[in-house]
Amino acid sequence: MKRLSDGKKNLSNEIQRCKSHFEQLTIWWNPNFEKSNVSYLRSLWLHADYIHKECGKESIKAGKTTYVYTSPEAVLSDDMWRSMLIESSSFKLVVVDEAHMVINWVNVLEKSEPFREWFGRLGEIRSLIACPAHAITATASRASRRKLRKKLALVKFHEIVESPDRENIKLFVESIKMNEKISVTFSWLIDIVMDQAGECPRHIIFCPSIKLCSDVYFAFKVSLNECVNYIEMFHSCTTDQVKDAIREDMENKDGHIRVLIATSATGMGVNYKSVNNVIHYGPPKDLDGFIQQLGRAGRDDTQSYELLIYSSRHLRKLDTDMLDYAKNTETCRRKKMLESHNSVPSADLVKHLCSDVCDM
Ligand SMILES: [Zn+2]
């Protein structure tokens, strides 16, 4: 697994590296970015396409399209494309980007956000195409890597692992009373938005469910009055049109949105600009998701902050590692976070920029 900080740039590097070894490369990607990535490759005079109704099926089948982007649902849920995969012998490599989703969407099947259930069935592709697979993800603990190998049927494999640590992000945790009102919990941030309006530093508030996401959005909305335009909400049920508008705004460092309230559905494969504060209102299920989401902060290398806010009602059904991280009050939070990834904090990191525990 390899940590990637800028999807397009690093994907391009990966492609250039693989290009000399493979005649045809298949890339599994977030469907929202297929078009832009295909355009990017075409601008480099490379033969690229993504699977959709009007694309050149015969060209892909015959191996004339060097880079084929698709999403799991586009190809696995459609009989025509499934049979194309079986009949074609030209595929040389399957690349699974954001590979942690293969595990995560299996869990999601039991809960809300059912829109990517095919990610959980991506292992089927290995039985349809006989070629090597290359899985890339920013974060995968030892346990997740084990699950991923099983899901993708990777028997003979080579792992490249880098520390997922982001040293420019200071870590905070705050526990709150179970019934504390959301408007009270976030009163400090509501005040900042009202005082600073368009000059307010950019925040993303991650919530583990659409319900919580909506509750937080509503609490901000009723408090912000004329400043309500500085907040937005993004989850799997947000319309495509609104999703595109939010992405476009967030990829602009001078964009209008100052507080984005979102579930994990936001941010995959995109580089949101000038986000210096990530807040979790309730932890995600596991540390992989947590590390992935906090990594949305500080992409411009400026000092940034991650704050996990939780009450006891948010701690149900968490993985042990995530639960330990949330409840820890004595050990360096960074050390705690990195343990499950076989990694340790850098010895050079000054304590007051590490975590609130290290500050004490
Ligand atoms: Zn520390």
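What follows draws every value from the coordinates through simple rules; no lab data is involved. Remember, predicted model here, so these are calculated numbers, not experimental data. A quick note on method: Cβ atoms are made from the backbone with ideal geometry, for glycine too, and the neighbour counts reach across all protein chains shown.
Semi-axes of the equivalent ellipsoid of region 182-297: what are they in whole Å, largest first, if each equals the square root of 5 times a C-alpha gyration tensor eigenvalue?
19, 16, 14
Could you calculate the FRET efficiency of PHE157 with ASP348 from 1/(1 + (r/R0)^6), where r is the beta carbon distance between them and R0 is 30 Å, rounded to 0.05?
It comes to 0.40.
Once you've got the GNM for the chain with C-alpha springs shorter than 10 Å, pick whichever of THR185, THR137, THR65 has the biggest mean-square fluctuation.
THR185
Considering Cα pairs under 8 angstrom that are at least six residues apart, work out the relative contact order of region 139-231 and quote it in whole percent.
26 percent
Using only alpha carbon pairs under 8 Å that are at least six residues apart, calculate the relative contact order of the chain and give it in whole percent.
Value for the chain: 17 percent.
Considering only VAL161, MET250, GLY56, whose Cα is most displaced toward the positive end of the charge dipole of the chain, charges sitting on Cβ of Lys, Arg (+1) and Asp, Glu (-1)?
The residue sitting most towards the positive pole is VAL161.
Enter the angle in degrees (range 0 to 90, nearest 10) between the Cα long axis of helix 187-196 and the first principal axis of the Cα atoms of the chain, meaning the one along which they spread out most.
80 degrees
Taking just the alpha-carbon atoms of the chain, what radius of gyration and Dmax come out, in angstrom?
For the chain, the Cα-based Rg and Dmax read 20.9, 64 Å.
If you take every residue apart from ARG258 with its C-beta less than 14 Å away from the C-beta of ARG258, what net charge results, scoring Lys and Arg +1 and Asp and Glu -1?
Charge balance near ARG258 sits at -3.
Given the rule -39500 (n - 2.57) for each run of at least 4 DSSP H residues, summed and divided by the residues of the chain, what is its mean residue ellipticity at 222 nm, to the nearest 500 deg cm²/dmol?
Calculated from helices alone, the mean residue ellipticity at 222 nm is -10000 deg cm²/dmol.
Please work out the C-alpha center-to-center distance from region 315-350 to region 160-221 and express it in whole Å.
20 Å
With a Förster radius of 51 Å, plug the Cβ-Cβ distance of SER214 and SER83 into 1/(1 + (r/R0)^6) and report the FRET value to the nearest 0.05.
Efficiency for this residue pair is about 0.80.
Cut-off 10 angstrom, C-alpha nodes, Gaussian network model of the chain. Which of ASP97, ASP165, ASP244 fluctuates the most?
The residue that fluctuates most here is ASP244.
If I fit a long axis through the Cα atoms of helix 210-224 and take the longest principal axis of the Cα atoms of the chain, what angle between them do I get, 0 to 90°, rounded to 10?
50 degrees
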